[in-house]
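The values are calculated or read from the model by the stated rules, or taken from the named source; none is laboratory data. Computed from a predicted structure; not experimentally measured. Using ideal geometry, Cβ is built from the backbone for each residue, glycine included, and neighbour counts are taken over all protein chains shown.
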Amino acid sequence: MPTALRPSQLGRLGRLSSIGAVAETSSSSFIGTACHAQWVQLRRTDLERIPAENVHVPVREFARGWFAAEELHDDRARRGASDWYTAGVVATCRWLASATVRAETGPWYRATAPVTRSHGLVHTEQVQDEAMAAQVLDMHRPLPAWLLERPGWLEGVLLTFDWAWWRTRTGPPIDLRDLKAG
């Protein structure tokens, strides 16, 4: 599992606020502007920094979907369950939000694009290109070996773009009903 997608312990940090963010926590590392592999917290100010032009859904809806993906990923990682689908959703959401992430050790860096692995500030044109690159990768035969080793990952990336960019899904790729509010 990529180190940037190890458990964030998000589910243990606090309760859900009205925008799908964690509130009342003691963590000092954040996602939105920053994400640490061990401690993740979504704050209203971080969510306000999500570039609205990077998603074609309301930012509040995007934040709720992203939060659900982070929480589900964390839960499965804590149980030792491999879940490349959710990892693909999380990686795509972090990139769309221009999140700053960090592995367990090492420097902070901008989340990398899920397919092209480009990094830096994300702009609308890059989102379009990345979404198309994911579709091209899905059509590539035979699939690259690295992708075969991550079953479900590309589907998670594609469905996230379908929801947040193309608007061909009516809801996020993670079922929000599974999100516990406390």
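Some observations on this one:
- Condition check for Arg117: of a type in the set (Lys, Arg), outside any helix (DSSP H, G or I) and either in contact (Cβ under 8 Å) with a residue 60 or more places away in the chain or closer than 13 Å to Thr92 by Cβ (or both): yes
- Filter result for Glu130 (outside any strand (DSSP E or B), acidic (Asp, Glu) and closer than 19 Å to His56 by Cα): yes
- Number of positions in segment 121-140 that are of a type in the set (Gly, Ala, Ser) and under 17 Å from the mean Cα position of the chain (by Cα): 2
- Matching residues in segment 141-163 - criterion: being part of a helix (DSSP H, G or I), more than 13 Å from Thr86 (Cα to Cα) and among the aliphatic types (A, V, I, L, M): Ala145, Leu147, Leu148
- Taking segment 92-107 as the range and being more than 12 Å from His119 (Cβ to Cβ) and not hydroxyl-bearing (Ser, Thr, Tyr) as the test, the residues that pass are Cys93, Leu96, Ala97, Arg102, Ala103, Glu104, Gly106, Pro107.
- Residue in segment 58-91 that is surrounded by the most Cβ atoms within 10 Å (Cβ to Cβ), counting only those that are in contact (Cβ under 8 Å) with a residue 24 or more places away in the chain and over 14 Å from the mean Cα position of the chain (by Cα): Ala77
- Of the criteria (1) farther than 24 Å from Arg49 by Cβ; (2) surrounded by fewer than 21 Cβ atoms within 10 Å (Cβ to Cβ), which one Leu121 fails: (1)
- Just so you know, in segment 92-111 the residues that are polar (S, T, N, Q) and either touching a Ser or Thr at 6+ places or on another chain (Cβ under 7 Å) or outside any loop (DSSP other than H, G, I, E, B) (or both) include one that is surrounded by the most Cβ atoms within 10 Å (Cβ to Cβ), and it is Thr92.
- Here Arg6, Arg15, Arg79 are screened, and the one residue that is modelled with pLDDT of 50 or more and of a type in the set (Lys, Arg) is Arg79.
- Consider segment 92-120 and keep the residues that are closer than 17 Å to Trp165 by Cβ and hydrophobic (A, V, I, L, M, F, W, C). The one that is nearest to the chain's Cα centre (by Cα) is Cys93.
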